[in-house]
Amino acid sequence: MNEKTQGYIFGINGPVVHAKGSDAFKMQEMVLVGNEQLIGEVIGIEDKSTTVQVYEETTGLKPGEPVASMGKPFSVTLAPGIIGNIFDGIERPLMQIKNMSGSFIDRGMSMSSLDEKKKWKTTVAAKVGDAVKGGDIIAETPETSLIIHKIMVPPDIEGTVEWTAPDGEYTINDCIVKIKTARGTVDIAMKQEWPIRTQRPYASRRAIERPLITGQRVIDAMFPIAKGGAAAIPGGFGTGKTMTQHQLAKWSDADIIVYIGCGERGNEMTQVLEEFSELLDPKSNRPLLDRTVLIANTSNMPVAAREASIYTGITLAEYYRDMGYHVAIMADSTSRWAEALREISGRLEEMPAEEGFPAYLASRLSGFYERAGYVDNLNGTEGSVTIIGAVSPQGSDFSEPVTQNTKRFIRCFWALDKSLAYARHYPAIEWLTSYSEYVDDLQRWYSDNISPKFIPYRTRMIGILQEESSLMEIVKLIGEDVLPDEQKAVLEIARVIRLGFLQQNAYHKDDTYVPTMKQFKMMDLILYLYDKITDLVGRGIVISTIRESGISEEVIRVKYNIGNEDLTPFDELKKKIDEIYKDIIRKNS
């Protein structure tokens, strides 16, 4: 190793190591710490010392052991083989580690993130004489049955193609194209590296105007998220954050899912692995893992690696976005990531801010969420990265720093409520405290693709739920019987909305995923029933008479009784409502 880039340890404080003996280290540089060559990153440089954040367990390190620079920023490997793989927070392949060392990750274990011996069937698209620049697609290989991996020119290279390999099978290290640049000829392989803390470049940002369809009614119809948007799912223990993210990963119409288990319990990540390996992608009937990347950084792994796992995940997502794919990131949970920041900040003896979190918590959160977006790529394609981050406030206290700072940088807030979760109302997204700022951006899409009435219907239903909330304060004090029938009608239809529309059954074949057109038909039917009930009450007919007809219960059961393919029964049910309406008028005239 180069003497100029090697120092020695003179202080150890948990995952934070202080080094002396060299002034050649650079910020965010990757270093190898100690005799076991633990992976670390430079996070501070002073006059005579360097501060390193170590991503592995530091027990047993001693002062005087070497600290050697790798001469590059902390980076991830980008190449075919990422999809379907399981990595830890610093992109080490966990399945390969298991085969080598059993159930535990040995310290200082050094291996390639991806299989360098596997040969990929490659079609070379570039031709000799082509002028190429960063981002241009020069070759393709089928990475899985669902994803075509597009080999791109690294962003910092521009020139003329001098030589191309014939179509055939190549490893990720084999040269497939040679490009003549101003700095000389550069060999391009399928593999490239990218610093995780640096956002990958794109040509321009596009306006957000297309929803990420999830099949969950409370999300798609009430609080939609856009492709390229950012959302948070805050909730206390047991409210269903992980369950909701699993459901979004399975059913959302993203091309690729990057699931980051950041500091979560090992059994939760095991559940993800077991479910995703058995589940079939509903669109293609192929294994769900064929379009999923898993980053498992559980609570018993080194805390510093949690901090890196978020950036590893977002960098992998941006890489596939650059190919023209729509990628959704499930980060579970950003609170554990913030706790890692708090611990490292404490070890550095920095001045703490609220609840011990570092003063730069907000800027780190913004740096993460702002890497979401819908963009025009350098190669002329378009792609998006959508971020859905779970937040775990202790005791469901949404006033704590991580939740409050997250709300500053996201535009979609799905607040989980423990009383709904304990009542087995799934998803437990509370409709009074949740919000989406994407509704206006997506209004044209819903109008053009579903119905111009979609957003007005949503507004009416939320209004009914808010009115119900106000009335329930009175009901709790003096009971429902004293309310006039007009207000009883609001409570009745709000019950239909809650049980028949907002509540969903993740294990029912038709209710686990609901197409947006069926969602609209359900909204239309519920509001049609409301208009008829309101008219009857206006004619002096008591609400109990309407309840006795059983039509409300029939509308609630629509989610089970009408399939997702044939929606004609909705019209038949409307006719039945009309018949009951006329029958009640006739009997009470």
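The values are calculated or read from the model by the stated rules, or taken from the named source; none is laboratory data. On a predicted model such as this, the values are computed, not experimentally measured, just so you know. Using ideal geometry, Cβ is built from the backbone for each residue, glycine included, and neighbour counts are taken over all protein chains shown. Ligands, DNA and RNA are stripped out before the accessible areas are found, and what is left, the full protein with its side chains, is counted by its heavy atoms. Shrake-Rupley method; radii C 1.70, N 1.55, O 1.52, S 1.80 Å.
For labels at Asn564 and Thr433 in the simple 7 Å Cα→Cβ model, what's the distance in nm?
So the label points at Asn564 and Thr433 sit 3.1 nm apart.
In the chain, how does Rg compare with the Kirkwood Rh, expressed as the Rg/Rh ratio over alpha carbon atoms?
We get a ratio of 1.05 for the chain.
Filter the GluC sites (Glu not before Pro) in region 510-569 to those in DSSP coil with at most 11 other Cβ atoms within 10 Å of their Cβ, and list the result.
Glu565
Could you sort 74-86, 524-536 so that the peptide with the highest average Cβ count within 10 Å comes first and the rest follow in order? List each step's numbers first, then the result.
On the way: 74-86: 22.0, 524-536: 19.0.
Output ranking for 74-86, 524-536: 74-86, 524-536.
How much FRET efficiency would the formula 1/(1 + (r/R0)^6) give for Arg547 and Thr160, where r is the Cβ-Cβ distance and R0 is 60 Å, rounded to 0.05?
0.20
Quick one: check the C-alpha center-to-center distance for region 6-43 versus region 515-581, whole angstrom.
Spelled out, the Cα-based centre of one part sits 67 Å from the other.
Of all the accessible heavy-atom surface of region 441-589, with the other protein chains kept in place and a 1.4 Å probe, what percent is carbon and sulfur?
Whole-percent figure for carbon plus sulfur exposure: 49.
Out of all DSSP beta bridges with both ends in the chain, state the antiparallel percent to the nearest 5.
Antiparallel bridges make up about 70 percent of those DSSP assigns within the chain.
Quick test of the membrane-span-like rule: which DSSP H helices of the chain reach at least 24 Å along their long axis (C-alpha atoms) with mean Kyte hydropathy at least -0.5? Before the final figure, lay out each step's value.
Numbers: long enough: 303-322 (30 Å, -0.09); 454-478 (36 Å, 0.49); 516-538 (33 Å, 0.30); 569-588 (28 Å, -1.17).
Once both thresholds are applied, what remains is 303-322, 454-478, 516-538.
I'd like to check one number: the per residue accessible area of the chain, probe 1.4 Å, reported in Å² as a whole number.
42 Å²
So, with a 1.4 angstrom probe, what is the percent of accessible area on region 126-229 that is carbon and sulfur?
With neighbouring chains kept in place, the figure for region 126-229 is 48 percent.
If you count only protein heavy atoms and use a 1.4 Å probe, how large is the accessible surface of Glu193, to the nearest 10 Å²?
90 Å²
Greater than 25 Å separation of Cα atoms is the criterion. Which listed pairs, Lys418/Lys476; Lys241/Lys509; Lys476/Lys582; Lys418/Lys521, meet it?
From Lys418/Lys476; Lys241/Lys509; Lys476/Lys582; Lys418/Lys521, over 25 Å: Lys476/Lys582; Lys418/Lys521.
Highest first, please rank the peptides 330-343, 207-220, 490-503 by the mean number of other Cβ atoms sitting within 10 Å of their residues.
The peptides rank, most packed first, as 330-343, 207-220, 490-503.
Simple spin-label model, 7 Å along Cα-to-Cβ: Ser49 to Glu554 in nm?
With each label placed 7 Å out from Cα toward Cβ, I get 7.8 nm.
Using alpha-carbon pairs under 8 Å, 6+ residues apart, how would you state the relative contact order of the chain in percent?
On the way: 1197 pairs, mean separation 74.6, N = 589.
The value is 13 percent.
Expressed as a whole percentage, what fraction of the accessible surface of region 1-81 belongs to carbon and sulfur atoms when a 1.4 Å probe is rolled over the protein heavy atoms?
Numbers: 1790 of 3680 Å².
Roughly 49 percent, rounded to a whole number.
Straight-line reach from Lys98: which lysines have a Cα under 20 Å away, not including same-chain ones fewer than 8 places off?
Straight-distance partners of Lys98: Lys117, Lys118.
Once the Cβ-Cβ distance between Gln443 and Ile474 is put in as r, and R0 is 30 Å, what FRET efficiency do you end up with, to the nearest 0.05?
Result of the calculation: an efficiency of 0.30.
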